[in-house]
Amino acid sequence: MFGSPAFILLFRISYVKIADKVLFMEGVGRDMDSMDKSFDIFFFDLDGTLTDSSLGITNSVIYALKKFGIEETDRTKLYSFIGPPLTDSFEKFCGFTKEQCAEAVRYYREYYREKGIFENHVYDGMEEVLKELKRRGKTLVVATSKPEPFARQIIEHFGLDPYFDYVAGMELSGGRGTKEEVIRYALCACKIADKSKVLMVGDREHDVFGAHAAGMECLGILYGFGTREELVSAGADYIGETVEGILRFS
């Protein structure tokens with residue numbers, strides 16, 4: 001490979017193919033025969049992928065934990081709550097029972113519904129990427145573990161709704177509680193049959209697991225809240241470092 005005439009050096013490219021072989025990565029050469037795969041449909045996670053929702057989510061978790069007599073002053077310890085379903089996080093990180101998890105989610109939503117939902121901002125460059133994807137004729141869908149009414153409210157609040165063909169999330173009642181269920185729901189709602197044309201874009205292992213369980217590839221991004229180790233361990237098909245790099249798959 002490295003002796004091939006088609007080999008060139010690329011120093012600014014930030015995506016790697018995990019499952020089979022390296023396609024391209026920071027500061028490393030790339031064989032020109034290994035071209036980027038192109039997708040027609042993009043499923044986007046919301047928290048940690050489209051928007052940085054860390055302030056609102058951690059404030060909501062802090063509020064909920066206080067109801068249980070738990071004081072947490074270091075919000076960075078709560079970043080693990082960003083992305084996965086809340087019930088899973090309260091059980092995993094706090095050792096709560098199912099009943100306590102349900103109660104914690106109710107407290108969480110007390111704060112989130114009134115304040116936390118808009119303690120949030122769109123990642124720099126994301127709107128330009130969405131605009132370019134639409135210009136290229138791509139179908140864009142939000143697939144999030146956040147309750148769908150909240151997700152729609154956020155997308156509309158930040159003026160991103162013109163770019164998305166559909167917004168899919170979990171039910172407020174707890175239905176569609178896994179990422180796989182949300183993705184399958186979105187596929188059905190959008191009448192998408194050929195999943196080889198769909199790329200899930202997300203920052204946590206749940207995005208990878210859900211995409212693979214639904215028969216799709218996943219691009220794990222590092223500008224959100226997941227780590228490279230987490231995404232590689234989950235089996236992400238691609239790893240990306242920048243918002244703009246998403247365009248390479250279009």
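The values are calculated or read from the model by the stated rules, or taken from the named source; none is laboratory data. If you're wondering where the values come from, they're calculated on a predicted model, not measured in any experiment. Cβ: placed from backbone, ideal geometry, glycine included. Neighbour counts: every protein chain shown.
Within segment 197-250, the set of residues being among the basic types (K, R) and within 21 Å of D52 (Cα to Cα) comprises R204, R228.
To keep it simple, each residue is scored yes or no on (1) farther than 26 Å from L222 by Cβ; (2) touching a Leu at 6+ places or on another chain (Cβ under 7 Å); (3) not assigned by TED's automatic domain parsing to the domain that holds G224.
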position	(1), (2), (3)
N59	no, no, yes
I70	yes, no, yes
K77	no, no, yes
I82	no, no, yes
G95	yes, no, yes
L130	no, yes, no
A143	no, no, no
P149	yes, yes, no
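Condition first: modelled with pLDDT under 95 and assigned to a helix (DSSP H, G or I). Can you find one or more residues in segment 61-70 that meet it? So far as segment 61-70 goes, no, none of its residues is modelled with pLDDT under 95 and assigned to a helix (DSSP H, G or I). On inspection, V243 fails the criterion of being in contact with a strand residue (DSSP E or B) (Cβ under 6 Å, 6 or more places away or on another chain), farther than 18 Å from P85 by Cβ and β-branched (V, I, T). Just give me the residues in segment 217-235 being buried (at least 19 other Cβ atoms within 10 Å of the Cβ) and either touching a Leu at 6+ places or on another chain (Cβ under 7 Å) or part of a strand (DSSP E or B) (or both), in sequence order. Result: E217, C218, L219, G220, I221.
Residues considered: E171, E156, E205, E230. Of these, the only one that is over 25 Å from R75 (Cα atoms) and touching a helix residue (DSSP H, G or I) at 6+ places or on another chain (Cβ under 8 Å) is E171.
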